[in-house]
Amino acid sequence: MSLLETQGLTKEFGGLTALNDVDLAVEAGELVSLIGPNGAGKSTLINTITGQLSPTRGDVYYDGTDLVGMKPFEIAQLGVGRSFQTASILPELTVRENIQVASFAAEHGSFRINFLRRRDSFEEVQAQTDDILETIGLDSKADSDARSLPYGDKRRLEVAIGLATDPDLLFMDEPTAGMSPAETEMTVNLIGDLLTDWGMTIFLVEHDMDIVFDVSDRIFTLHQGELIARGTPEEIREHPAVREAYLGG
Ligand code: ADP
Ligand code: MG
């Protein structure tokens, strides 16, 4: 079995079918990208896999476990992480504290925990936090208030928060949105590091097609909630339905 599989995954919002019978599989160690126009259902797909939304129909298997009905923190504990498209940052806390809180929330299923009392796990979390800060390149800003970070660093902190749950599979929803070219390049390098140094499997939603075609092992194309194409970057570039629906003919 693949690391991740969806079978007939469907999500309806009232009369709107945001996801329609989506079957996909992701193998361990792959970088797959999901592309599709605004409103295609990309974020909904991630949200139904990671437990923020429950599917109307269908199944999601991660490493053989059916995730449907599980809470987001339970899914995170299995090794499925995500960096959010919308801010998950706690602005009053420092960069380091944001990562620590995310680690504890992942472990205990709640932000409402006095984690300083739990010494053993606190030391573990500190070591892990230092690792993440270094990987993300935020170590020099560890003690800055999150709210004072420039935009690109905030987006990277969101990735760091995603890493705090120690995932084997990481969902990244438009990680470079709004970034400068330099920040974008840093993020692309980071994605490469996560794949090669951390051995992660990555599921990327990204609007910049140059990045998608450059980094992906395989690409899924979503159009109005349906997967209309899947394949290698070469296959997707030449796919008639993709060219028509998305790449502009
Ligand atoms: P994408 O991420 O590809 O831009 P989304 O998954 O955000 O697309 O949205 C897919 C469709 O579902 C859109 O038509 C959107 O308006 C709708 N949608 C998304 N989330 C909700 C929600 N919580 N309630 C109602 N409709 C939603
Ligand atoms: Mg989206």
*With the condition kept exactly as written, say whether any residue in region 30-38 is near ligand 1 (Cβ under 8 Å from one of its atoms), assigned to a loop (DSSP other than H, G, I, E, B) and within 15 Å of THR6 (Cα to Cα).*
no
*asked:* Looking at region 206-227 only, could you name the residues that are under 11 Å from LYS42 (Cβ atoms) and β-branched (Val, Ile, Thr)?
replied: THR221
*Answer yes if at least one residue in region 165-184 is closer than 23 Å to ILE89 by Cα, at pLDDT below 90, surrounded by fewer than 18 Cβ atoms within 10 Å (Cβ to Cβ) and among the hydrophobic types (A, V, I, L, M, F, W, C), and no otherwise.*
yes
*Inter-residue pairs, beta-carbon under 7 Å, first on the phi < 0 side of the Ramachandran plot and in region 1-24, second within 16 Å of ligand 2 (Cβ to nearest atom) and among the basic types (Lys, Arg), 6+ apart*: ALA18/LYS11; LEU19/LYS11
*Go over the candidates GLY248, GLY225, GLY231, GLY199 one by one and state the one that is away from ligand 2 (no atom under 16 Å from the Cβ) and either open to solvent by less than 50 Å² (accessible area, probe 1.4 Å) or at pLDDT 95 or above (or both).*
GLY231
_Residues that are crowded, with 17+ Cβ neighbours inside 10 Å, within 16 Å of ligand 2 (Cβ to nearest atom) and within 11 Å of THR44 (Cα to Cα), drawn from region 10-33_ = LYS11, ALA18, LEU19
*How about region 175-249: which helices (runs of 4 or more DSSP H) wholly inside it have at least 1 residues that are touching a Phe, Trp or Tyr at 6+ places or on another chain (Cβ under 7 Å) and free of Cβ contacts under 8 Å to residues at least 24 places away in the same chain?*
233-238
*Return the residue satisfying two criteria in turn: it lies in region 45-77 and is touching a residue at least 60 places away in the same chain (Cβ under 8 Å) and under 14 Å from the mean Cα position of the chain (by Cα), and of such residues it is farthest from ligand 2 (Cβ to nearest atom).*
ALA76
*Quick check: anything in region 71-83 closer than 28 Å to LEU149 by Cβ, at pLDDT below 85 and exposed (fewer than 15 other Cβ atoms within 10 Å of the Cβ)?*
no
*Per-region count, region 52-70, residues over 17 Å from ASN20 (Cα atoms) and open to solvent by less than 20 Å² (accessible area, probe 1.4 Å)*: 2
_I need the full set of residues from region 44-98 which are assigned to a helix (DSSP H, G or I) and charged (D, E, K, R), in order please._
GLU74, ARG96, GLU97
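The values are calculated or read from the model by the stated rules, or taken from the named source; none is laboratory data. Quantities reported herein were computed from a predicted structural model and do not represent experimental measurements. No Cβ is skipped: glycine too gets one built from the backbone with ideal geometry, and neighbour counts run over all protein chains shown. Remember, those area values only see protein heavy atoms, side chains included, never the ligands or the DNA or RNA. Shrake-Rupley method; radii C 1.70, N 1.55, O 1.52, S 1.80 Å.
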